[in-house]
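The values are calculated or read from the model by the stated rules, or taken from the named source; none is laboratory data. Just so it is clear, the model here is predicted, and its values are computed rather than measured. Cβ: placed from backbone, ideal geometry, glycine included. Neighbour counts: every protein chain shown. The protein model used for the area step is the full one, side chains on, heavy atoms only, and it has no ligands, DNA or RNA in it. Shrake-Rupley method; radii C 1.70, N 1.55, O 1.52, S 1.80 Å.
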Amino acid sequence: MAAPLRILVFGKQGSGKGTLATRLHQRLGLPHVSTGDMLRDAAASGSEFGRRVAAIMDAGELVPDDVMEGVVRERLEAPDAAAGFILDGYPRTPGQAAFLDDLLAPEGVTVAIELQVPDDVVRARIVHRRVCTSCGAIYAAGRDAAAESGVCDVCGGSVVQRADDTEEAVGARLATYASLTEPLLGYYSDRGLLERIPGEGDPDSIAEGAVDLVEARRS
Ligand code: ADP
């Protein structure tokens with residue numbers, strides 16, 4: 001069997017990492033594992049676990065590493081992830097990176113992709129971001145009709161602003177990214193696994209470039 005293709009997608013909030021991960025999923029046929037989406041689903045379920053994580057997420061803070069370990073292990077050990085996956089939103093702390101290494105040994109991560117976008121650009125994008133609560137499609141207020149009508153073009157679900165897409169929570173999330181997550185890029189870079197790509201421009205071209213980088217690393 002070919003080695004699994006395990007792709008990590010990094011980028012600030014609003015950098016387009018969810019959009020890139022969705023396109024990589026469509027192109028490569030591997031599951032898109034978004035820890036943010038999984039936690040939002042848990043929050044929407046109204047379970048006790050969901051209520052706990054909703055409070056943390058709405059404040060723009062990180063869910064504790066030990067809680068994330070259970071969530072990530074269960075998902076990445078599912079049969080559909082055996083051939084590989086596109087992991088979006090994990091790891092975000094040194095502890096999470098160490099846990100992931102243990103979980104994925106011996107083959108480890110295939111490639112880590114960082115989408116690079118300046119802070120002022122992501123802040124502007126986030127304030128305008130609207131999402132479908134059913135299928136996750138992303139729209140921009142002032143550009144897309146679905147953002148104004150509140151009805152998703154793709155599935156007819158309801159399009160809303162995320163509770164953590166406020167100026168205040170965005171500031172907290174960008175600060176956490178700079179202090180905890182950005183240093184992890186050095187960890188992958190030191191092992192020759194990091195690919196940095198500019199995150200401004202047409203999403204399809206960005207995805208094409210990323211697919212080429214992934215294909216070049218396929219063993
Ligand atoms: P963004 O990258 O735009 O913040 P995500 O959808 O990836 O959005 O994550 C939303 C929230 O979910 C985070 O602010 C955090 O509270 C929680 N979360 C997601 N992934 C993790 C993780 N790996 N560790 C801890 N918390 C996480």
Q.
Over the chain, what is the relative contact order in percent, taking alpha-carbon pairs closer than 8 angstrom and at least six residues apart?
A. 29
(Q) Please list, short to long, the whole-number percent of alpha-carbon pairs of segment 22-87 in consecutive 10 angstrom bins beginning at zero. (A) 19, 46, 28, 6
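Report the semi-axes of the equivalent ellipsoid for segment 164-219 in whole Å, largest first, where each axis is √(5λ) for an eigenvalue λ of the Cα gyration tensor. Please report the intermediate quantities before stating the final value.
Values: eigenvalues 141, 67, 10 Å².
Those come to 27, 18, 7 Å.
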Q: With 5 Å bins from zero, work out the P(r) of segment 104-219 over every alpha carbon pair and list the percent per bin.
A: 2, 10, 15, 16, 18, 17, 12, 8, 3, 0
Q: Using R₀ = 30 Å, calculate the FRET efficiency as 1/(1 + (r/R₀)^6) where r is the Cβ-Cβ separation of Glu77 and Glu148; round to 0.05.
A: 0.10
Q: Relative to the longest principal axis of the C-alpha atoms of the chain, give the angle of the C-alpha long axis of helix 48-58, reported between 0 and 90° and rounded to the nearest 10°.
A: 80
Q.
Which residues among segment 55-84 fall inside the zone where the amide N is under 16 Å from a point 7 Å beyond the Cα of Ser179, along Cα→Cβ?
A. 59-65
**Q.** Size of charge dipole - the chain - debye, nearest 20, with Cβ of Lys, Arg +1 and Asp, Glu -1, no other charges
**A.** 180
Q | Phi to ³J(HN,Hα) by Karplus 6.51 cos²θ - 1.76 cosθ + 1.60 over segment 157-173, Hz, x for Gly, Pro | A | x, 8, 9, 9, 8, 5, 4, 9, 8, 9, 3, 5, 5, 5, x, 5, 5
Q. Fully extended, how many nm does the chain gain between Thr166 and Glu48 (0.36 nm per residue separation, minus their Cα-Cα distance)?
A. 40.0 nm
Q.
Students often check this: by mean Cβ neighbours within 10 Å, which of 102-113, 20-31, 120-131 ranks highest, and how do the rest follow?
A. 20-31, 120-131, 102-113
Q: Return the percentage of antiparallel bridges among DSSP beta bridges fully within the chain, rounded to the nearest 5 %.
A: 25
Q) Residue farthest toward the positive end of the dipole of segment 61-140, with Cβ of Lys/Arg at +1 and Asp/Glu at -1: which of Val117, Ala97, His128? A) His128
**Q.** Cα convex hull volume per residue for the chain (Å³)
**A.** 123
(Q) Please report the carbon-and-sulfur percent of the accessible area for segment 1-130; probe 1.4 Å, protein heavy atoms only, DNA, RNA and ligands left out. (A) 52
Q: Please build a GNM for the chain, connecting alpha carbons under 10 Å apart, and tell me which residue among Leu193, Leu180, Leu100 fluctuates the most.
A: Leu180
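Kirkwood hydrodynamic radius of segment 154-193 from all distinct Cα pairs, in Å?
12.8
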Q.
Starting from the Kirkwood Rh over alpha-carbon pairs, what translational D in µm² s⁻¹ does segment 68-167 have by Stokes-Einstein at 37 °C and 0.692 mPa s?
A. 202
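If you average the sequence gap of Cα pairs under 8 Å that are 6 or more apart and divide by the length of segment 41-169, what percent do you get for the contact order?
Result for segment 41-169 is 18 percent.
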